[in-house]
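One structure is given here, and the rest of the page talks about it.
The values are calculated or read from the model by the stated rules, or taken from the named source; none is laboratory data. All values derive from a computational prediction rather than experimental measurement. Glycine also receives a Cβ, built like all others from the backbone with ideal geometry; neighbour counts cover every protein chain displayed.
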Amino acid sequence: MIIGMMIGMVFATLFGASIASADTLEIPQIGISIELPAEISNALASNPIAEIDRTLGQALPQGSKLPDIAQNVGDQLVATVQTLITGDALEAPVHEPTSQDASLSQQWEQAVSYYEPEVIQPDESQCVDGTIKQQVACATSRTNNWYEDQGIEQESTTILLPKYALGVWPFINDGQVSVCGMMPGMGPHHCDGLTMFEENDIHELLTSDNATTSVAIHESAHGLQEAAGLNPAIATLVGPAETIYSYEQGGDCLSGAYSASLSPEEGIAAYQRVYGIGIEGEKSHGSPSERGDAFLNGYYGGTGACNMYTPDHTVFPKVSTN
Ligand SMILES: [Zn+2]
C-alpha cells in the first residue's frame, strides 16, 4: 500500500500534477508524513496497483529503513509500474525460479538475492577490472579518496541493484517533496545520497575500473547538488530540460576534474567516453560536444569551475589546480 501510494506519486509527478495538501501519507517506517492532493488519493483508491500492494506492503519487514524499504516488490509490480510509465504492456520478465524443493527460508533468501540492493563498501583491492561489483567497489573507493583530496567532506554511498530490484520512496530535500527510485534498466543514477548501479549494467559505460569511476564521480556530483539544496530528482522527473541539463553538465564537469588526476592517456580515454555517449539534439544530458566541453571545463579548471552550471549555488569546492 505504501509503495503503491508512492508509485502513485511517481505517476502523478510524471504527468505533471503538483503536490498540494489534502490527505496525509504517513510512512512510519521512515518517520515522515507527506500531504497528498485529493486527486492522487482518489486515483489510488481505484487503482489496481493498490490491490497488489496490499499484499506486498504486508511483506515489508516491520521497521524497514531506507534503502531496505525499496526492495523485493516483484515481477508483477515491475510490469505494472513500467506499464503505467510507458503506457506499453510488458511481457513478464524472465524470472529465475526459486527452488521449490528448498525450505521456505531458503526460498526467501533466494528471492531476496534477486531483489535486494546491496551496499557496496569502498575497496581499493577490488581495482582489478573485474566484475561489475568489483568495479563498483573500486570506483567507490576512488571517488571517496579523490573527494578527500579535494576537501569534499561528503561520502558517497553506493548500492548495487540486483536483476529485479525495484522501488520508490519519498525524498524530501530543502522542503521539496520528490521521489527516488530504482527499476531494472534505469542504469546508473543518483538520488537521496545514493549512487545506484545495476548488476544488469553490462553495457558500454562500465567497461573498466576507470570507466566506472568516471560514472561514479558524475553520479556523486548529483549528491553534491542535493547537499547544496538543489533537487536533480525533481528536475529529472518533471523538468524543465534546461535545469536537468545544467545539473548533468555539472556532473560531466566533475568527471573531467577527477580525470585531471589520471595519466594523460587515461584522461583522453575518459574524455572520449563522455563525448561518445553524448547524443546530438538530446536536451537533458547534451550532445557529444556539449558533454565533452563540460568535461574539459572541469579537466582544466578543476572542481570550482563546475559551479558555472549552477550560478546560484556553490556545489563544488574551489580547489587550487596547481
Ligand atoms: Zn547525471
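Could you pull out the residue among A216, A235 that is surrounded by 18 or more Cβ atoms within 10 Å (Cβ to Cβ), within 12 Å of the ligand (Cβ to nearest atom) and at pLDDT below 90? Break it down stepwise before answering.
Values: A216 fails: at pLDDT below 90.
When all the criteria are applied, what remains is A235.
Looking at the structure I just gave you, is A227 away from the ligand (no atom under 13 Å from the Cβ), crowded, with 18+ Cβ neighbours inside 10 Å and either at pLDDT 95 or above or among the hydrophobic types (A, V, I, L, M, F, W, C) (or both)?
Numbers: away from the ligand (no atom under 13 Å from the Cβ): yes; crowded, with 18+ Cβ neighbours inside 10 Å: no; either at pLDDT 95 or above or among the hydrophobic types (A, V, I, L, M, F, W, C) (or both): yes.
No; evaluated as a whole, the condition is false for this residue.
Could you tell me how many of the residues in segment 273-322 are assigned to a helix (DSSP H, G or I) and either surrounded by 14 or more Cβ atoms within 10 Å (Cβ to Cβ) or modelled with pLDDT of 95 or more (or both)?
Within segment 273-322, the first condition is being assigned to a helix (DSSP H, G or I), and the residues that meet it are 273-277, 288-301, 303-309.
Okay, now just the ones that are also either surrounded by 14 or more Cβ atoms within 10 Å (Cβ to Cβ) or modelled with pLDDT of 95 or more (or both), so 273-275, 277, 288-301, 303-309.
Looking only at that region, the number is 25.
Given the criteria within 15 Å of the ligand (Cβ to nearest atom) and in the same structural domain as T303 (by TED's automatic domain parsing), does A221 qualify?
On the way: within 15 Å of the ligand (Cβ to nearest atom): yes; in the same structural domain as T303 (by TED's automatic domain parsing): yes.
Against the criterion (within 15 Å of the ligand (Cβ to nearest atom) and in the same structural domain as T303 (by TED's automatic domain parsing)), A221 qualifies.
Where residues in segment 243-260 are touching a residue at least 24 places away in the same chain (Cβ under 8 Å) and away from the ligand (no atom under 12 Å from the Cβ), which of them is surrounded by the fewest Cβ atoms within 10 Å (Cβ to Cβ)? If you could, list the steps in order and put the result at the bottom.
From segment 243-260, those touching a residue at least 24 places away in the same chain (Cβ under 8 Å) are 244-260; that's our starting set.
Right, trim to away from the ligand (no atom under 12 Å from the Cβ) and you get 256-260.
Working: G256: 31, A257: 27, Y258: 28, S259: 26, A260: 16.
Step by step, filter segment 243-260, then rank; the result is A260.
Note down all Cβ pairs under 7 Å where the first residue falls in segment 215-237 and is free of Cβ contacts under 8 Å to residues at least 40 places away in the same chain, the second is more than 11 Å from the ligand (Cβ to nearest atom), and they're at least six residues apart or on different chains.
Going by the 7 Å Cβ cut-off, the qualifying pairs are A235/T243.
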